[in-house]
Amino acid sequence: MKISYVIVLIYMMYILYKSYRSFQVKKQVHPITLVGSSNYKKSFIMILFMVSLPFILGLDTNAKYGLLIVIVLINTLIDRVYLGDNGIKLSDEFIPKADIMSYYIVAGKVDQFELFVRGKENSVKITVHKRNVAESMEAVLAAWKPVS
């Protein structure tokens, strides 16, 4: 068996594990108010994908193209951010509302805000793509976590 197959298999198992964890964490957030994307842990997944890409392209089967499409779709689902009444889902991690220290809306950006999370060194930028309520993002955030 070629080493490419082993590396791709390990990578796929890791991605499937991350997607399972992401799905489980999403259940903790309900009901979902805002959906978006974030820069949180995105560089690690991207580096892992870039390292495994030559091995995927080196496979001898035509299924490699389908595999690439599946990987991109799974990575897109893992990277989604869900903000709900119980907390927020970032990547495959649940952050309870109590651990959000503060937030601010980025000036000049319509649907972007930054969170400061207890125990995290850097702020987390979130861009909102979809609202499940008719209110503005500012009103949703103010009701979700009043600025102290």
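Each row is one residue, and each column tells you yes or no for (1) surrounded by fewer than 11 Cβ atoms within 10 Å (Cβ to Cβ); (2) touching a residue at least 60 places away in the same chain (Cβ under 8 Å).
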position: SER4; (1), (2): no, no
position: LEU16; (1), (2): no, no
position: SER22; (1), (2): no, yes
position: LEU34; (1), (2): no, yes
position: LEU53; (1), (2): no, no
position: GLY58; (1), (2): no, no
position: ILE69; (1), (2): yes, no
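Quick one: ILE100 ticks every box in (1) at pLDDT 85 or above; (2) under 16 Å from the mean Cα position of the chain (by Cα) bar one, so which box is it?
(2)
Suppose we keep only residues that are modelled with pLDDT under 85 and within 21 Å of ASP79 (Cβ to Cβ) within region 107-119. Which one would you say is surrounded by the most Cβ atoms within 10 Å (Cβ to Cβ)? I'd like the intermediate steps shown before the answer.
Step one: filter region 107-119 for residues modelled with pLDDT under 85, giving 107-111.
Then keep just the ones that are within 21 Å of ASP79 (Cβ to Cβ); that gives 109-111.
Details: LYS109: 12, VAL110: 9, ASP111: 16.
So, considering only residues that are modelled with pLDDT under 85 and within 21 Å of ASP79 (Cβ to Cβ), the one surrounded by the most Cβ atoms within 10 Å (Cβ to Cβ) is ASP111.
A quick yes/no check of all residues on (1) modelled with pLDDT under 90; (2) basic (Lys, Arg); (3) closer than 26 Å to LYS97 by Cα:
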{"position": "VAL25", "(1), (2), (3)": "no, no, yes"}
{"position": "PRO31", "(1), (2), (3)": "yes, no, yes"}
{"position": "MET46", "(1), (2), (3)": "yes, no, no"}
{"position": "PHE55", "(1), (2), (3)": "yes, no, no"}
{"position": "ASN62", "(1), (2), (3)": "yes, no, no"}
{"position": "ILE69", "(1), (2), (3)": "no, no, no"}
{"position": "ASN75", "(1), (2), (3)": "yes, no, yes"}
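Step by step: first the residues of region 87-106, then only those that are assigned to a strand (DSSP E or B) and touching a Gly at 6+ places or on another chain (Cβ under 7 Å), then the one that is surrounded by the most Cβ atoms within 10 Å (Cβ to Cβ). Which residue is that?
Looking at residues that are assigned to a strand (DSSP E or B) and touching a Gly at 6+ places or on another chain (Cβ under 7 Å), I get ILE95.
Give me the residue from region 36-47 that is surrounded by fewer than 16 Cβ atoms within 10 Å (Cβ to Cβ) and aliphatic (A, V, I, L, M) and, out of that set, nearest to LEU67 (Cα to Cα).
Residue satisfying both the conditions and the ranking: MET46.
The values are calculated or read from the model by the stated rules, or taken from the named source; none is laboratory data. For clarity, every value in this text was computed on a predicted model and none was experimentally measured. So basically every Cβ, Gly included, is an ideal-geometry build from the backbone, and we count neighbours across all protein chains shown.
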